[in-house]
1. Going by what's in this entry, would residue A:138 be described as within 12 Å of chain C (Cβ to nearest Cβ) and within 22 Å of the chain's Cα centre (by Cα)?
2. Can we say residue B:59 is in contact (Cβ under 8 Å) with a residue 40 or more places away in the chain and under 19 Å from residue A:8 (Cα atoms)?
3. If you take the residues in segment A:263-279 that are over 22 Å from residue A:219 (Cα atoms) and within 20 Å of the chain's Cα centre (by Cα), which one is surrounded by the fewest Cβ atoms within 10 Å (Cβ to Cβ)?
4. Out of A:90, A:63, A:79, A:52, which single residue is more than 12 Å from every other protein chain (Cβ to nearest Cβ), within 22 Å of residue C:260 (Cα to Cα), surrounded by 23 or more Cβ atoms within 10 Å (Cβ to Cβ) and out of contact with any strand residue (DSSP E or B) (no Cβ under 7 Å at 6 or more places or on another chain)?
5. Which numbered condition trips up residue A:39, out of (1) surrounded by 24 or more Cβ atoms within 10 Å (Cβ to Cβ); (2) in a loop (DSSP other than H, G, I, E, B)?
6. Quick one: which of B:64, B:34, B:68 is in contact (Cβ under 8 Å) with a residue 24 or more places away in the chain and more than 19 Å from the chain's Cα centre (by Cα)?
7. Could you tell me which residue of segment A:126-155 is surrounded by the fewest Cβ atoms within 10 Å (Cβ to Cβ), considering only residues that are in contact with a strand residue (DSSP E or B) (Cβ under 7 Å, 6 or more places away or on another chain) and in a helix (DSSP H, G or I)?
8. Output the number of the condition that residue B:207 fails; it satisfies all remaining conditions of (1) closer than 23 Å to residue D:235 by Cβ; (2) modelled with pLDDT of 95 or more; (3) surrounded by fewer than 24 Cβ atoms within 10 Å (Cβ to Cβ).
């Protein structure tokens, strides 16, 4: 098949741009076209359960509303998150923010009470408010139960967050479960630990597997949309092991594969482990998720509307 | 400054998408917004001479028309190219194509007469036509002159290419000089060498510098837009050394900086060498040029139109 | 300071090679020299508690014995591991192996019952033995206790593993605690979950923090040696938050920093969060841990011996 | 085949270390072992002509002596270099140096007259001496001839450099030709251009191909050892096109392949173009050449001696 050259017109929609990339069909251009097309099909397919996994600074990096809106629109059925993205979602719901355009050194930032994630900055005063609010919530949770699964714990927190912009709140509203197997490793985890110094509240690390397994077995098809690597990526794929693997997957990453790290592992590798079915459709896009994912979502939603004749 | 969250609407234009990324302003999202904004300003600024450098499979990868259209619209003043991109431009003008969607091994491809660049494929029969056509052109050039600078050589070839889709043809039409310091290292170079086995035709390797220097000294401001690394990247920057460096630069690359390679070098490094002015505006976008560049061009052209009230 | 050129002599020891790299002192050569020197100092310093974090296929990739030997020699005080590395350690203790030199497709591997991690292969028959052995161990653990912290769980497992080559066994022998905050996300976690379908055994996700905190507060100085990213990297640094951060750290990674992922984050970023002290010594080596870490360990041990006059 | 675990002993030689990596045989460990073994075989094989290509700051980064010694020992038959590495070789022969351990900003460096390549620094006063010396040499060359091929030009320069540490000098002494197709794009090229403003001296860009072709046709077997990408990498492979490609190749790079750049292209791709024979032995090592190459050379030389019983 011949490669056609892309044509750019000012004012073209995101989907029109991506369709031009599809005319080329090679290198990154081909990857993002195929990923967008697959995402649109997954969204339109009533039979597919969509797992979204997020690692890396997706909430601090500006993707909070996109993820929240996808959940609100019913386009995400299961969210698997790093603990940090949940912490940062709550931080904003409690009145905090994320900041940019600082040029201090890391030593200076430390003295100013600012934490850095790439070119994203946080303020310790925001975390202080977070701590106060979350400790009240933990007390209320502990007043009701002394042991929970991690998913239940997140749901309980969400019940105390009355912020329509919140991912956790919106997930609760839409009955989208949030799993965070590494939840302990973030500020939320730290607060939980401090709370348990004087209170009884146990998170059962393995407790979510039964529920997650039920979701997988109850799905006709499962798709994984994977932003970044880490525990969320692996959990999204591995939870489908017992049914022979996901039916399709999209991943967006800048990690590379040669040293064998999970983050950079090609999705095809998941086939060997039965974490992706042999006939599954798999697309990896190499790039920064804060560019690639909004583009792909805009393109896919436009494609879905177009199909529907909206 | 607070990071705002991006909002995605189906049907949004490319610029609207990029402006949402600008609201975040961090990580890749911030980079592509700043690069797009800078590109729009450069295009609108009559006083800036724009150098575009291209290395890597930009023409085979589907960017031929975008580059040609930028030249045709007067948005590129100087093109600095790898030899290969010129070869592939000519290959298409001579009737050849680039191909995709093959899954043979490299050994099988070799036996089929197909060359591979990532997931792009070429056919040796297209190269055979290329050889015939180019040798006729070389004869005609040698009939007129026995020594040329590389830029003159490319111009002479362009005079024999009557294809409005061709980058070389369009550059000739618009008086945009094309420099290719490494021209020998491609199929065009190979054909030139074969021709010189029995004919007299010398390319003066250093001959272009005088002309290029005149362009730089004759420009109020110079901007470099750099796709990929290699000789074209360095040449685009180094040719501005004698005037203290470029006034602005944008680069798109997936290479990394730690091992000191030029391709991955941060643009800031060019300041130390007076290849970029100390007050220059410099934006690097980490990503695949076949995604990033079309997006940036679509956004910048839309921004320019918006400014003009078109 | 002038850069000197490296001199290579056949038969030179690893330390001699690394010292030549130190003469250069720049790019990767400088990084590995500084990392080796720092590691040697940390090993020699009685006052420093060394945290080793391992993510990515370190055990399958051939580093099991190096890690075990470092623990056995008293050079590692705390191990923070991905669940997978513990699973693979047990897999070998139970008689299984890791394999190489396969060239089947992922689909073929799946049908052969082989899982792939880069160019490393596993056999499902080895995992079947793993499952039998681990379920017996889980029964014995559940016979004694119905709730454990993750560290205690790993220690209990180690008590049933009588293999001097095992990391877990050796860590038990030397009283080196192993933390694995993401333990659920591996074959060991899967077996635990299956076991808990019909048995009572709860892992308390937050339970280790108290103990880990005691170690940090009880240490005069803490150093983190970080192979790969993920939860283990963050946990190693974040557990030092309450005392103002680690005193020194070395990381080996191929991940890059621009997209904000933790794996690629520069160690300097940890200073802003008080996860590394402002005056801490931090060295990142960009490369594949299966090359860099053995080289660094060989060089550091030789340096320690040289200092001691051994 | 089972993966064995590496064993580290303090005082082990570089080859012993690499052989431990060979026991693992996977990921980077396997790659460097196979590359070292192949390099040793190439060095021992009288019938193989070895092309060494160098791009990126190999001379400034501390590899000058290693490259010079390989040439002096007869282990390199053809050198293909970026112009910059030749400039930096001459800079040192003319009394200049490369520097490290600066922490100024790029703006400050520019004002101090220092250029930066990663964490390598140069001084403009060294370049001023370079300019004086090279202009004298250019005069002498132009006194004898008014047109040269690039290789002849480098040889002529080498005849004026009486420095046993110099790569160019040593290559002359050993009749090892140096090709530098992009020679114009460096300080040496800039000086040549300035000289030709008032003098007649033409470098024939395509002139070397005949000679290079004779070398390739005159070789029973050809091997390419490739450090970094760029023009030198491609030239080393493409010059073997007419004989069906190299018989073996080793590359060391940190570039990645997905965006189609030559630097990151897998060596296997060269098979499709008949730049590497279908049955050729090809090894890529992902890493920083200032770590990987000295290690590989030390290991290979020790292996050669061991084979010889030295």
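The values are calculated or read from the model by the stated rules, or taken from the named source; none is laboratory data. Everything numeric in this text was worked out from a predicted model, so none of it was measured. So basically every Cβ, Gly included, is an ideal-geometry build from the backbone, and we count neighbours across all protein chains shown.
1. no
2. Considered against the rule, which asks whether it is in contact (Cβ under 8 Å) with a residue 40 or more places away in the chain and under 19 Å from residue A:8 (Cα atoms), residue B:59 comes out as yes.
3. A:266
4. A:90 is the lone residue from the list that is more than 12 Å from every other protein chain (Cβ to nearest Cβ), within 22 Å of residue C:260 (Cα to Cα), surrounded by 23 or more Cβ atoms within 10 Å (Cβ to Cβ) and out of contact with any strand residue (DSSP E or B) (no Cβ under 7 Å at 6 or more places or on another chain).
5. So the condition that residue A:39 fails would be (2).
6. B:34
7. A:151
8. Just one mismatch for residue B:207, condition (2).
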